[in-house]
Structures are given as structure tokens and as C-alpha cells.
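Contents: one structure, followed by commentary.
The values are calculated or read from the model by the stated rules, or taken from the named source; none is laboratory data. Owing to the predicted nature of the structure, the values given are computational and were not obtained by experimental measurement. Cβ sites come from the backbone with ideal geometry, for glycine too, and all protein chains shown count toward neighbours.
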Amino acid sequence: MAIITISHQYGSRGESIAREVSHRLGFILVTPAKVEEIIRERYQLDYSLTGQTGETSHDSHTSKIFANLISAVLADMAVLNDLVTLECGGQFIFRSFPNALHIRVIAPRDIRVHNIMRDTGGAFDQALHAIEDEDRRHARFLRSSFRRLTETPERYDLLINSGTLEVDHCVELVLAAIRIKRLSEYGMVSSETTERAKLRNQIRLLRALTRLSIEKSGSLTQFAHPSELVFARLLDFYGIRWQYEPRTFPLRYDEEGNIAEAFSPDFYLPDSDLYVELTTMKQSLVTKKNRKVKRLRELYPDIKIRLLYQKDFEDLIFKYTARSPSEA
Amino acid sequence: MHEDLEKVLFTHEQIHQRISELAEEISRDYQGRELMLVTVLKGAVFFLTHLAQSLTIQVKLDFLGIASFSPGKTLPGVVRISKDVDQDIQGMDVMVIEDIVDTGLTLRYLLNVLSGRHPRSLVVCTFLDKATRRLVDIPVKYRCFEIPDRFVVGFGLDYNQRYRTLPCVGILKSHVYQGK
């Protein structure tokens, strides 16, 4: 999974460069329209990444949630595919991704205006207004979705001024950078890593959908974390009875005898008389959970509890995924 | 010792000795009866061949394959039987042969499926038992060894299809499966 993110100034020919790069590499081109289409088809939601001039169809909170959804959609695609993303915030979404190349295409304003006039057949003033409006929209999108006030050049691996270069020359520069970074080679990961990344992306998608209150059945709203929903459904499949947070165990009292700390394990499996607590990969949360479980065992020695770490959870799911069918 | 092993848990000699003991116990328990050994592919094959050769009773062999099956985006991790047993087990004494039992979830699924076919009896015999990871109670009647919660390979158990043919059982060094 190699990622090329292309951010461009409107009128700088960035889209043409992105299309040609994706065509030459055989990568999937992901445009804002493509992301909107996926969100609309999969989740029956209308959200415009491009937006219209002056419109603020969502408040900043909702924009942030949609940014998470966009991130999850792109990450989901990136797990199995090599991508070229165009103006989807990919430079922020994949900023820590090791197999990514971040490109920014710019051009002098007069060149951009000239390009828009040629593309649209419009007059100078119209093209100039269009560029100014689009620059403002882009800044608004970055600000509301990713809390970025300005574009900073150090965010990118390659900055191309298309004002002095033909599109083909710009494409060659991008391809040369990919070769130098050996992106196509290092983009390959093991099938197990891919499957684990898919699970994490699925959980991110569920988290984003939970915040958007998409699932009307209400089942998502029952759980505090999407991984709990995944685990509950897994137990359902295996016919294991479960209860969600059925009991709270006081762990510490204050001087007045009030409960100062308590712990409600996520699941109780009545057939095994076993409590199960899921935990994430965040070390601070793992440490906190470990302490609580340890305290619970000290105070309630008859209570059986298992702490399922992220890796245990993934091992449970991928025991039979890393291998081909008919193997165990 | 293989360079990727942190520690050998059981040597080749210890494994053979224990399998012989288990075979003797099973032969005693099933004296005069015919036993159907249903082995879960592939990791348990090494255990099966050594066990079956040591039994002194009549046995039949059959195999089950399991694969993951995710019917939808929001239900990862469920499994399906990719290769079913070929023989009718109704009225038979059946023993499920496993390489390792940990959470017990998949084995519970298998036992539910097989019990629905009305065998005369249905028990579990596992090479390794990681009981500390159990999420559901599974009656494991026969086990060779109980092991700690560590990633083990050898004698049929693999990591990415490697290490199955090691004659011993050992703990894999963490950097191997963490990809460091």
C-alpha cells in the first residue's frame, strides 16, 4: 500500500498531474468526488468536500467528524490499494505513513488565472474570482477538518511550481521521486499486517459512524467503543451469552466512605462466570486498566476477569485469516 | 536450538514420551471400541500421526478445515468450515484432535457443529492447552501439555507457515512476529 498525496492550488494543473501519475503507475486515483460518492453510497450521507462558495453546510464539530470519516474511508482503501489522493486532506491523514509521498503543486497567480480562463473560456475577472473563492474554500476545509490554518512547505516531500514546467515534466518529477523513495517496493506488507490494519480501519469507521449516529438500530449506541461492538457480535456468532457492563465494582473509598473509584468490566460471560475487559493500544489506558484489574483481583478474589489487549483481540480475529483456507 | 526460538518448552524426547502416555490412556479408555479421530487441519497433523501410531485400538481418521469468513464489514473474525468431515459420525465415538486450545471459541463452534450430527460420544484431545486464555469453558479430556500464554511454534504449530517441522515446541522470539 503506497500512497501519493497531491495537494494543489486551484489552476495549477495539479489534477492533470495527479491523473497522469495514477495512470502511469496503475494506482487508484481518489478525488473528493470519489470520496463523496463512497460516503453517499455506503452510509447514505451527503457531505461535500468541495462545497460551494460561501456555504457552510456543517458546523466545525460535524466537519471534524466527517474528517474522521474521510480519514477512515481513505485508510480503508489504502490498506489493499496503492493510491493517488487529490485534495482530500491526504497529507494530514497519511502524514505519519512510512510509504507515502506528499506532493504540493503551485503556480504563480497569473499562470493559474490563465489556466482557468483557458479551461472555462471565461473572462479574466471571473477566473480571478474563481481562484480566490477556491483558495478560501480550501483554507476553510483545512481549518474545519484538520485544524490547519496554513499550508506549510515542510509538510511535503516535493513542491512543484507548474508555472515553469509542462504537465509531463511535473509528472516525471513525481515519478522520479517515487523511484528514489522506492515506494512501490516498500509499499508491500504481509497479509497478516494488512488484515490487522483492515480491522483497525473498520473500528475507525465504526467510531466515525457512531459519532454521526448513523446506525439507526441503536446497537452502536449501546457500547462505549466500536471494538466492544465487534467483540459482542463475535460472541453472538459463537453462541456465547454475554452481558454488557452488568456490574460495577467499587475499588476505593474516600474518608467519608463514598466510592472514590470503581470499575465496570466491559463484558460478563455467564456461562463461564467470567468478566472480560477490552483495552486499546494506548499505553496510558493499558496501564490504567492493568491497575484496575489488579486492584479488582485483590479486593474480589472470587471474581474471574480477563483483560483482552488489542493484540489478543486481533489474534482472536485473525487466527484463521493469516493462513489460507483449509489451514488452521 | 533454532535461532528464532527464545526457549525450548518441550524437546522431541519429551513430546514422544508424553504422546505415548496419552495414547496408552486413550487406548485404555476406549478398549474394545472404534474411535473416530477428527483432526483440525493443519497444525494438529503432526500430533495426530504420532498419537495414532501409538494407539492400540481401532481408529478411523477424518479431517476438518477452518477458515475465516467475514460476511460483512462489521463482523470480522467469524469462521466457517472450509473442509468438512467426509464420513458420517452419527453413533460413533468421536475425538477432536487439536494442536492448541486457547480461547476455546472456535472449538466451541466445532463441537456445536459436530454434536448436531449425533455422535455416540464427543471429546477433545489437544496437543497444547493454553488454559489461561480461555473465554469459554471447553471440556478438554486429553491434553499433552499445558503451556503459558506465549507464542509457541514447532511440532506442527507455525508462524506464517514457518517452524512447523521443528521437532520441539519452543517460544518464538517476539521480534520475529512483531516484525522488528
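Grab the helices (runs of 4 or more DSSP H) fully contained in the stretch A:214-328, keeping just those with 3 or more residues being more than 10 Å from every other protein chain (Cβ to nearest Cβ) and at pLDDT 75 or above.
In the stretch A:214-328, A:226-237, A:283-299 are the helices (runs of 4 or more DSSP H) which contain 3 or more residues that are more than 10 Å from every other protein chain (Cβ to nearest Cβ) and at pLDDT 75 or above.
Could you please let me know if B:Phe10 is out of contact with any Pro (no Cβ under 6 Å at 6 or more places or on another chain) and either within 14 Å of chain A (Cβ to nearest Cβ) or among the β-branched types (Val, Ile, Thr) (or both)? Break it down stepwise before answering.
On the way: out of contact with any Pro (no Cβ under 6 Å at 6 or more places or on another chain): yes; either within 14 Å of chain A (Cβ to nearest Cβ) or among the β-branched types (Val, Ile, Thr) (or both): no.
The answer is no for B:Phe10.
Identify all residues within the stretch B:30-51 that are surrounded by 16 or more Cβ atoms within 10 Å (Cβ to Cβ) and part of a helix (DSSP H, G or I); write none if there are none.
The first filter runs over the stretch B:30-51 and keeps only residues surrounded by 16 or more Cβ atoms within 10 Å (Cβ to Cβ), leaving B:30, B:35-48, B:50-51.
If the condition is that a residue be surrounded by 16 or more Cβ atoms within 10 Å (Cβ to Cβ) and part of a helix (DSSP H, G or I), then B:Val45, B:Phe46, B:Phe47, B:Leu48, B:His50, B:Leu51 are the ones that fit.
Within the stretch B:111-160, restricting attention to residues that are of a type in the set (Ser, Thr, Tyr) and in contact (Cβ under 8 Å) with a residue 12 or more places away in the chain, which residue is surrounded by the most Cβ atoms within 10 Å (Cβ to Cβ)?
Top of the filtered list is B:Thr126.
Can you tell me which residues in the stretch B:1-29 are outside any helix (DSSP H, G or I) and in contact (Cβ under 8 Å) with a residue 24 or more places away in the chain? So that I can check it myself, show each step before the final result.
Narrowing the stretch B:1-29 to residues outside any helix (DSSP H, G or I): B:1-11.
Answer for the stretch B:1-29, where residues must be outside any helix (DSSP H, G or I) and in contact (Cβ under 8 Å) with a residue 24 or more places away in the chain: B:Met1, B:His2, B:Asp4, B:Leu5, B:Glu6, B:Lys7, B:Val8, B:Leu9, B:Phe10, B:Thr11.
Return only the number of the condition from (1) under 19 Å from A:Val30 (Cα atoms); (2) at pLDDT 80 or above; (3) out of contact with any Lys or Arg (no Cβ under 9 Å at 6 or more places or on another chain) that A:Ile70 does not satisfy.
Among (1) under 19 Å from A:Val30 (Cα atoms); (2) at pLDDT 80 or above; (3) out of contact with any Lys or Arg (no Cβ under 9 Å at 6 or more places or on another chain), the lone unmet condition for A:Ile70 is (2).
Does B:Val94 count as among the aliphatic types (A, V, I, L, M), touching a Leu at 6+ places or on another chain (Cβ under 8 Å) and either more than 28 Å from A:Ala232 (Cα to Cα) or away from every other protein chain (no Cβ under 12 Å) (or both)?
yes
Might you let me know whether the stretch B:83-90 holds any residue that is within 30 Å of A:Val73 (Cβ to Cβ), within 12 Å of another protein chain (Cβ to nearest Cβ) and surrounded by fewer than 16 Cβ atoms within 10 Å (Cβ to Cβ)?
No.
If you take the residues of the stretch A:109-149 that are among the aromatic types (Phe, Trp, Tyr) and surrounded by 14 or more Cβ atoms within 10 Å (Cβ to Cβ), which of them is farthest from A:Ile93 (Cα to Cα)?
By that ranking, first place goes to A:Phe141.
On the given criteria, is A:Gly14 of a type in the set (Gly, Ala, Ser) and surrounded by fewer than 20 Cβ atoms within 10 Å (Cβ to Cβ)? Give the steps one after another, and end with the answer.
Numbers: of a type in the set (Gly, Ala, Ser): yes; surrounded by fewer than 20 Cβ atoms within 10 Å (Cβ to Cβ): no.
Judged against the criteria, A:Gly14 is not a match.
Does A:Pro301 fit the bill of being in contact with a strand residue (DSSP E or B) (Cβ under 7 Å, 6 or more places away or on another chain) and on the phi < 0 side of the Ramachandran plot?
Spelling it out, it is not the case that A:Pro301 is in contact with a strand residue (DSSP E or B) (Cβ under 7 Å, 6 or more places away or on another chain) and on the phi < 0 side of the Ramachandran plot.
With the requirement that a residue be farther than 13 Å from B:Asp102 by Cβ, within 13 Å of chain A (Cβ to nearest Cβ) and in a loop (DSSP other than H, G, I, E, B), what does the stretch B:133-179 give you?
B:Asp137, B:Pro139, B:Gly156, B:Asp158, B:Asn160, B:Gln161, B:Arg164, B:Gln178, B:Gly179 - these are the residues of the stretch B:133-179 that are farther than 13 Å from B:Asp102 by Cβ, within 13 Å of chain A (Cβ to nearest Cβ) and in a loop (DSSP other than H, G, I, E, B).
Considering only residues that are within 12 Å of chain A (Cβ to nearest Cβ) and in contact (Cβ under 8 Å) with a residue 40 or more places away in the chain, look in the stretch B:49-68 and name the one that is farthest from B:Leu122 (Cα to Cα).
Here the answer is B:Ile66.
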